[in-house]
Every structure is written in C-alpha cells, then in structure tokens.
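Here's the structure, in structure tokens; my notes come after.
Just so it is clear, none of the values below were taken in a lab; they were calculated from the coordinates. Note that this is a predicted model, so its numbers are computed, not measured. With ideal geometry, Cβ positions are generated from the backbone for all residues, glycine too; neighbour counts draw on all protein chains shown.
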Amino acid sequence: MSAARVPLTEEQRAYLQCAIQTRDGRRCFYCRRNFRRRPGRRKTLDHYIPHRLWPGWELDNLVLACERCNLAKADSLPWPLVWLLLAVHRPERWELAA
Ligand SMILES: [Zn+2]
C-alpha cells in the first residue's frame, strides 16, 4: 500500500482540520456555511483536486467541506478549476496532428 493510500490516524486528521481551519476559517469551502453555527453539520476533509488525480494528504490540496457538499462533489473536478482549464486549453488553439 502506497503512503497516499494509508488512511489517516485521528490525530493526523485533527491536525489537518486545525491547520485548514486556521487557513480558511471554520466554513465549508463550497457552501460557505459556518460549522460553529451548525453543530450538527459534520466537517470532512476534501481533496479539492480528486484524490485519484492528486493522491496524498497535502494541505495545498485539502479543504474543509460539510458532508453534504463533499458527497455532492464526489470524485469530480471543481467547476472553477474546469473553467480555468477550458480558458487555458481552448480547442481553437489546438493544432491538428500531421
Ligand atoms: Zn457545504
């Protein structure tokens, strides 16, 4: 099992959640709802770029998400990232292979 596939311990998960909270606040990254005001809303660690594309537990690719948003996003790329990729890689810029 690669290091990226090893599940986090509770201590590692708590450390990452605390670091992300310090960076981003106590809000769901997607719906912006505050976890403090909604104690029943469970916060989860979400890979902004899906884990299958960027395996590992690096802070640069992690956000806090409520369970509902995390499940809705699932393994897809976030729309802002898709828009950015489409803006950079426009089909009219593509060249035909010889
Ligand atoms: Zn949310």
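Observations on the model:
- The stretch 57-63 - phi-based ³J(HN,Hα) in whole Hz, Karplus 6.51/-1.76/1.60, Gly and Pro as x: 10, 7, 4, 4, 10, 10, 9
- Projected label distance in nm at ARG23 and GLU11, using a 7 Å step from Cα toward the beta-carbon: 2.2
- Between LEU81 and ARG42, the modelled label-to-label distance comes to 2.3 nm, taking each label 7 Å out from Cα in the direction of the beta carbon.
- Burial ordering of ILE49, ILE20, fewest other beta-carbon atoms within 10 Å first: ILE49, ILE20
- In Å, descending, principal axis extents of the Cα set of the stretch 10-93: 48, 25, 21
- Taking CYS28, CYS18, CYS69 and counting other C-beta atoms within 10 Å, the order from fewest to most: CYS18, CYS69, CYS28
- Between ALA74 and ARG52, the modelled label-to-label distance comes to 1.0 nm, taking each label 7 Å out from Cα in the direction of the beta carbon.
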